[in-house]
1. So what J values fall out for the range 115-128 if you push phi through Karplus, 6.51 cos²θ - 1.76 cosθ + 1.60 with θ = phi - 60°, rounded to Hz, Gly and Pro as x?
2. Would you please name the trypsin sites (Lys or Arg not before Pro) within the range 1-32 that are DSSP coil residues with at most 12 other C-beta atoms within 10 Å of their C-beta?
3. Most mobile of SER30, SER15, SER132 per a Gaussian network model of the chain (Cα springs, under 10 Å)?
4. Using the Kyte-Doolittle scale, which helices in the chain average at least 1.6 and also have C-alpha atoms spread 27 Å or more along the helix axis, with helices defined as whole DSSP H runs?
5. Estimate the FRET efficiency between ASP12 and GLN65 by the formula 1/(1 + (r/R0)^6), using the beta-carbon distance for r and 25 Å for R0, to the nearest 0.05.
6. Go through the range 30-126 and name the GluC sites (Glu not before Pro) that are in a DSSP coil and have 16 or fewer other Cβ atoms within 10 Å of their Cβ.
7. What 222 nm value per residue comes from the helices of the chain, counting each DSSP H run with n ≥ 4 as -39,500 (n - 2.57) and dividing by all residues, nearest 500 deg cm²/dmol?
8. Starting from the Cα of CYS23, step 7 Å along the direction of its Cβ; do the same at ASP82; then give the gap between the two resulting points in nm.
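The values are calculated or read from the model by the stated rules, or taken from the named source; none is laboratory data. Keep in mind it's a predicted model, so treat the numbers as computed, not measured. In this analysis, Cβ positions are derived from the backbone assuming ideal geometry, glycine residues included, and neighbour counts consider all displayed protein chains. Heads up: the accessible areas ignore ligands, DNA and RNA and are worked out on the full protein's heavy atoms, side chains in. Shrake-Rupley method; radii C 1.70, N 1.55, O 1.52, S 1.80 Å.
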Amino acid sequence: MWQIARDSKVLDLNSSYAYVLWCRDFAATSVVATGGDDEAVGFVSGYRRPESPNTLFVWQVAVDQAQRGRGIAGRMLDSLWDRLADTGVNRLETTVSPDNEASIALFTALARRRGLRITRSELFTPSDFPDSHMAEDLYTIGE
């Protein structure tokens, strides 16, 4: 996961330790796609919001560059949504910077496939970050 995030050149890269902990502590709300050799080719990391347990917050979505364009990201999101629906999750949240057209398209397509409403609102502005991070808009899909 760390290598895929690093090689994406667009995701905020967490430490390798953070990804290992994520796999341990949030396996139920995340998914890893593997290729024929059982190597990771993509992942979705997420968690249920403590104050809103019906909401899955998607932290990162990444697909290995050689595997892009094959619908892997969309299938991972669909799989995760289907798996969590039985546990009461009926809403998804994620943040996307305004210039990330690929992520906006990915989540818009998810909402369309599911027949759900998607909304966008401002969540964090550049002044909320101590470094030169872009704004992050909140996208909400579902109820």
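1. So the J values, rounded to whole Hz, are x, 10, 6, 10, 10, 10, 9, 6, 10, 10, 9, x, 6, 6.
2. Passing both the DSSP loop test and the Cβ count: LYS9.
3. Between SER30, SER15, SER132, it is SER132 that shows the largest mean-square fluctuation.
4. none
5. Result of the calculation: an efficiency of 0.90.
6. GLU39, GLU51
7. Result for the chain: -9500 deg cm²/dmol, rounded to the nearest 500.
8. Between CYS23 and ASP82, the label points sit 2.4 nm apart.
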